[in-house]
Amino acid sequence: MSTDHHGCMERKPWEVPFLAEPREVAGLRRVLQMHMAFWGLPEVVAPAQICVSELVANVIRHVGEGTPTTLAVSIQGTHVRIELRDPDTRALPTLLAPDPDVESGRGMLLVDELADRWGVALRPDSKVVWCELATTLTSPFGHTGGPRVTRSEALLTSYAARRPLGTETNSPLSVAVAEEVAIDMIADLLHWLRAHGCDPDEALDRAQTHYEAELDAAS
């Protein structure tokens with residue numbers, strides 16, 4: 001869940017225990033996609049899914065199918081940190097330079113190429129293989145919405161300061177308050193359009209079309 005942290009998004013760590021089996025990989029990839037979208041980090045989805053797939057494949061290949069394993073994901077600074085924990089402290093991942101005609105042995109090479117950094121942490125009864133993926137975040141609680149989101153936040157803050165009935169605030173807007181302010185702003189704009197002889201429904205349709213086109217262009 002996203003909660004307010006000085007007006008921004010708190011991305012809470014999460015983890016999923018599972019058995020290291022090939023059939024589990026698709027579910028893990030879906031969970032990753034859901035969480036990265038929820039965190040506002042769609043650019044991390046593909047590399048994160050590949051890294052998790054390869055790390056799980058390593059556990060299956062070198063530790064054993066059905067091994068109790070845990071996937072943990074968190075934000076470290078402005079990076080997404082992916083950890084895979086299993087009970088075998090002996091089977092350590094290594095970088096190999098496989099023959100071009102050999103399909104296996106490329107897992108950690110892919111992780112090494114996609115991640116900013118990776119490593120292994122040994123514990124008394126388990127090991128954690130981790131990697132960290134760069135994002136476009138400028139702070140752990142920031143967003144990657146680009147200039148439109150930045151401009152919108154400035155407009156919302158200015159609009160909120162002019163709300164009646166003593167609702168003004170000098171502190172950063174929380175996400176929940178900003179949502180209500182945005183709805184009020186949209187409603188006022190629709191009133192303005194109607195007062196000037198424009199069709200509010202047509203304006204909403206055009207805005208939605210522009211929004212969806214920009215999303216498609218960015219994906």
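The values are calculated or read from the model by the stated rules, or taken from the named source; none is laboratory data. Quick caveat: nothing in here was measured; it's all calculated off a predicted structure. Heads up, the Cβs are rebuilt from the backbone with ideal geometry, glycines too, and the neighbour counts pull from every protein chain shown.
Every residue, every condition in (1) modelled with pLDDT under 95; (2) surrounded by 14 or more Cβ atoms within 10 Å (Cβ to Cβ); (3) of a type outside the set (Phe, Trp, Tyr), yes or no:
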residue: His6; (1), (2), (3): yes, no, yes
residue: Pro17; (1), (2), (3): no, no, yes
residue: Ala26; (1), (2), (3): no, no, yes
residue: Gly40; (1), (2), (3): yes, yes, yes
residue: Thr70; (1), (2), (3): no, yes, yes
residue: Ser74; (1), (2), (3): no, yes, yes
Output for the range 46-60, where each listed residue is of a type outside the set (A, V, I, L, M) and either outside the structural domain of Arg29 (by TED's automatic domain parsing) or within 16 Å of Val16 (Cα to Cα) (or both): Gln49, Cys51, Ser53
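Test Ile82 against the criterion of being at pLDDT 95 or above, under 13 Å from Val128 (Cβ atoms) and not aromatic (Phe, Trp, Tyr), and give yes or no.
Taking the combined requirement at face value, the residue satisfies it.
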Return a yes/no flag: does the range 104-112 have any residue that is surrounded by fewer than 12 Cβ atoms within 10 Å (Cβ to Cβ), closer than 21 Å to Glu43 by Cα and at pLDDT 90 or above. no
Checking the condition modelled with pLDDT of 85 or more and in contact with a Cys (Cβ under 9 Å, 6 or more places away or on another chain), which residue from Ala121, Ala115, Ala134, Ala91 passes? Ala115
Looking at Leu32, Leu55 in this structure, which one is assigned to a helix (DSSP H, G or I), under 29 Å from Pro124 (Cβ atoms) and touching a Cys at 6+ places or on another chain (Cβ under 8 Å)? Leu55
Test of understanding: among Ala161, Ala176, which residue is of a type in the set (A, V, I, L, M) and at pLDDT 75 or above? Ala161
If you go through the range 28-64 one residue at a time, how many are of a type outside the set (S, T, N, Q) and touching a residue at least 60 places away in the same chain (Cβ under 8 Å)? 10
